[in-house]
1. Residue 58 versus (1) in contact with a strand residue (DSSP E or B) (Cβ under 6 Å, 6 or more places away or on another chain); (2) modelled with pLDDT of 95 or more: which is the lone unmet condition?
2. Which number in (1) surrounded by 11 or more Cβ atoms within 10 Å (Cβ to Cβ); (2) assigned to a strand (DSSP E or B) marks the one condition that residue 38 misses?
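The values are calculated or read from the model by the stated rules, or taken from the named source; none is laboratory data. From a predicted model like this one, the values you see are computed outputs, not experimental measurements. A quick note on method: Cβ atoms are made from the backbone with ideal geometry, for glycine too, and the neighbour counts reach across all protein chains shown.
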């Protein structure tokens, strides 16, 4: 399905590119300004070459600007992997501890922390004097 969709998009674009190239074969003088050279190239080559250079430059700049996000993603992946390794070790240690406990008895747990008493709001005073 993806290949069919790709063909439905790529073939008309390729046809458009060929028609554009055939219709714009006239020679254009390209002046390489700092140097004193001038090159005669077909117009379609100048236009499509400029388009290709622009696309490649845009892709490169996007890759550079997204470097910070890629770096953060790598860091998060490393942190997640370390956390999963630690969790695996803790689960294995808990399984070993449960296996060593006598059958029918609940494994001893550490003391539970006391919960603080809920704070009651101050009651309004009696104003019927």
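1. Answer for residue 58: the failing condition is (1).
2. Among (1) surrounded by 11 or more Cβ atoms within 10 Å (Cβ to Cβ); (2) assigned to a strand (DSSP E or B), residue 38 violates only (1).
Here's the yes/no breakdown for (1) surrounded by 10 or more Cβ atoms within 10 Å (Cβ to Cβ); (2) at pLDDT below 90; (3) assigned to a helix (DSSP H, G or I):
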{"residue": "34", "(1), (2), (3)": "no, yes, no"}
{"residue": "50", "(1), (2), (3)": "yes, no, yes"}
{"residue": "54", "(1), (2), (3)": "yes, no, yes"}
{"residue": "75", "(1), (2), (3)": "yes, no, yes"}
{"residue": "79", "(1), (2), (3)": "yes, no, yes"}
{"residue": "94", "(1), (2), (3)": "yes, no, yes"}
{"residue": "107", "(1), (2), (3)": "yes, yes, no"}
{"residue": "120", "(1), (2), (3)": "no, yes, no"}
